Amino acid sequence: MIAIIDYDAGNIKSVEKAILSLGENVILTRDEDTILSADGVILPGVGAFGDAMEKLHAYRLVDVIKKVAAGDIPFLGICLGLQLLFESSEESPGVEGLHILDGRIVKIPAAAGLKIPHIGWNNLHFPNVGRLFRGLPENVYTYFVHSYYLQAADDSIVKATTEYGTLIHASVEKGNVFACQFHPEKSSETGLRILQNFIDIVNKKG
């Protein structure tokens with residue numbers, strides 16, 4: 001069973017639908033016992049960093065997420081769910097993130113001809129081997145929707161990057177914690193392969 005953390009963020013239902021399409025059992029929940037007893041946990045999200053952290057605190061999910069990350073339950077953050085794992089975001093000055101991983105979220109720099117938010121398909125490069133991308137070649141395309149991006153403090157955890165006016169850390173992996181800035185649930189067959197790779201990790205096949 002995969003638990004999707006329900007904290008009133010956008011895009012939760014589409015992640016649920018994608019996981020179900022791969023034949024995996026899934027539950028939307030904010031119950032601590034259910035989350036901690038799950039085989040895998042997903043934190044999706046679309047929205048503002050500060051609002052999301054406020055909801056995680058309101059639903060008493062901050063410590064729950066930290067317990068998952070500190071254990072051995074495979075954990076996947078998607079889009080805003082990636083950003084929340086880090087220290088802070090320029091989007092919400094003064095708001096502390098979950099700080100499960102070291103790094104900060106910064107605004108995509110303005111440039112001539114560059115539209116922000118970044119909405120659309122971008123190709124990925126793999127600077128380090130990542131289990132989410134097993135079986136996928138360089139330059140596969142995934143779907144992004146964001147105005148802010150990750151600058152991870154440790155390059156070794158960065159498993160995928162893309163270029164959009166600057167170098168964007170598009171996916172990270174450290175221990176049982178995985179995260180991607182793009183939306184695998186909206187990234188066609190490539191995205192489903194990434195989600196299947198996560199499911200295989202959950203089921204100890206990957």
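Quick check on region 117-135: of everything there that is touching a strand residue (DSSP E or B) at 6+ places or on another chain (Cβ under 8 Å) and open to solvent by 50 Å² or more (accessible area, probe 1.4 Å), which residue is farthest from ASN197 (Cα to Cα)? Before you say what the answer is, go through the steps one by one.
Step one: filter region 117-135 for residues touching a strand residue (DSSP E or B) at 6+ places or on another chain (Cβ under 8 Å), giving 117-133.
Imposing the further condition that a residue be open to solvent by 50 Å² or more (accessible area, probe 1.4 Å) reduces the set to 117, 119, 121, 125, 127-129, 131.
On the way: PRO117: 28, ILE119: 25, TRP121: 20, HIS125: 17, PRO127: 18, ASN128: 16, VAL129: 13, ARG131: 7 Å.
Per the stated criteria, the residue is PRO117.
Pull up region 91-116, narrow it to residues that are open to solvent by 80 Å² or more (accessible area, probe 1.4 Å), out of contact with any Ser or Thr (no Cβ under 6 Å at 6 or more places or on another chain) and charged (D, E, K, R), then point me to the one that is modelled with the lowest pLDDT.
LYS115
Looking at region 47-83 only, could you name the residues that are in contact with a strand residue (DSSP E or B) (Cβ under 6 Å, 6 or more places away or on another chain) and under 11 Å from ILE100 (Cα atoms)?
VAL68, ALA69, LEU82, GLN83
So, of the residues in region 1-53 that are polar (S, T, N, Q) and touching a helix residue (DSSP H, G or I) at 6+ places or on another chain (Cβ under 8 Å), which turns out to be modelled with the lowest pLDDT?
Of the residues in region 1-53, the ones polar (S, T, N, Q) are 11, 14, 21, 25, 29, 34, 37.
With the extra rule that they be touching a helix residue (DSSP H, G or I) at 6+ places or on another chain (Cβ under 8 Å), the set shrinks to 11, 14, 21, 29.
On the way: ASN11: 82, SER14: 94, SER21: 97, THR29: 97.
Going through the qualifying residues, I end up with ASN11.
Could you list all residues from region 136-154 that are of a type in the set (A, V, I, L, M) and open to solvent by 60 Å² or more (accessible area, probe 1.4 Å)?
Initial filter on region 136-154 (of a type in the set (A, V, I, L, M)): 136, 140, 145, 150, 152-153.
Hit for region 136-154 is ALA153, nothing else.
Based on this model, can you work out whether ILE4 counts as open to solvent by less than 20 Å² (accessible area, probe 1.4 Å) and closer than 26 Å to ILE119 by Cα? Quick ask: steps written out before the conclusion?
Values: open to solvent by less than 20 Å² (accessible area, probe 1.4 Å): yes; closer than 26 Å to ILE119 by Cα: yes.
For ILE4, the condition - open to solvent by less than 20 Å² (accessible area, probe 1.4 Å) and closer than 26 Å to ILE119 by Cα - is met.
Could you please let me know if LEU195 is of a type in the set (A, V, I, L, M) and either within 13 Å of the chain's Cα centre (by Cα) or in a helix (DSSP H, G or I) (or both)? Before the answer, list the steps.
Values: of a type in the set (A, V, I, L, M): yes; either within 13 Å of the chain's Cα centre (by Cα) or in a helix (DSSP H, G or I) (or both): yes.
For LEU195, the condition - of a type in the set (A, V, I, L, M) and either within 13 Å of the chain's Cα centre (by Cα) or in a helix (DSSP H, G or I) (or both) - is met.
Could you please give the count of residues in region 10-63 that are in contact (Cβ under 8 Å) with a residue 40 or more places away in the chain, more than 18 Å from PRO184 (Cβ to Cβ) and buried (at least 19 other Cβ atoms within 10 Å of the Cβ)?
5
Could you tell me whether any residue of region 157-171 is touching a Cys at 6+ places or on another chain (Cβ under 6 Å) and either at pLDDT 95 or above or surrounded by fewer than 19 Cβ atoms within 10 Å (Cβ to Cβ) (or both)? Walk me through it before giving the result.
Initial filter on region 157-171 (touching a Cys at 6+ places or on another chain (Cβ under 6 Å)): 171.
So of that shortlist, the ones also either at pLDDT 95 or above or surrounded by fewer than 19 Cβ atoms within 10 Å (Cβ to Cβ) (or both) come out as 171.
Yes: region 157-171 contains one or more residues that are touching a Cys at 6+ places or on another chain (Cβ under 6 Å) and either at pLDDT 95 or above or surrounded by fewer than 19 Cβ atoms within 10 Å (Cβ to Cβ) (or both).
With the checklist (1) under 30 Å from GLY165 (Cβ atoms); (2) more than 17 Å from the chain's Cα centre (by Cα) in hand, flag the one item GLY50 doesn't pass.
(2)
Considering each residue of region 172-189, count those that are open to solvent by 10 Å² or more (accessible area, probe 1.4 Å), closer than 16 Å to LYS17 by Cα and either touching a residue at least 60 places away in the same chain (Cβ under 8 Å) or touching a Phe, Trp or Tyr at 6+ places or on another chain (Cβ under 9 Å) (or both), and give that number.
To start, the set of residues in region 172-189 that are open to solvent by 10 Å² or more (accessible area, probe 1.4 Å) comprises 173-176, 185-186, 188-189.
Filter again for closer than 16 Å to LYS17 by Cα, leaving 185-186, 188-189.
Next cut, either touching a residue at least 60 places away in the same chain (Cβ under 8 Å) or touching a Phe, Trp or Tyr at 6+ places or on another chain (Cβ under 9 Å) (or both) only: 185-186, 188.
The total comes to 3.
The values are calculated or read from the model by the stated rules, or taken from the named source; none is laboratory data. From a predicted model like this one, the values you see are computed outputs, not experimental measurements. Because the Cβ atoms are built from the backbone with ideal geometry, glycine has one as well, and the counts that use them run over all protein chains shown. Protein only, heavy atoms only, side chains kept; ligands, DNA and RNA dropped before computing areas. Shrake-Rupley method; radii C 1.70, N 1.55, O 1.52, S 1.80 Å.
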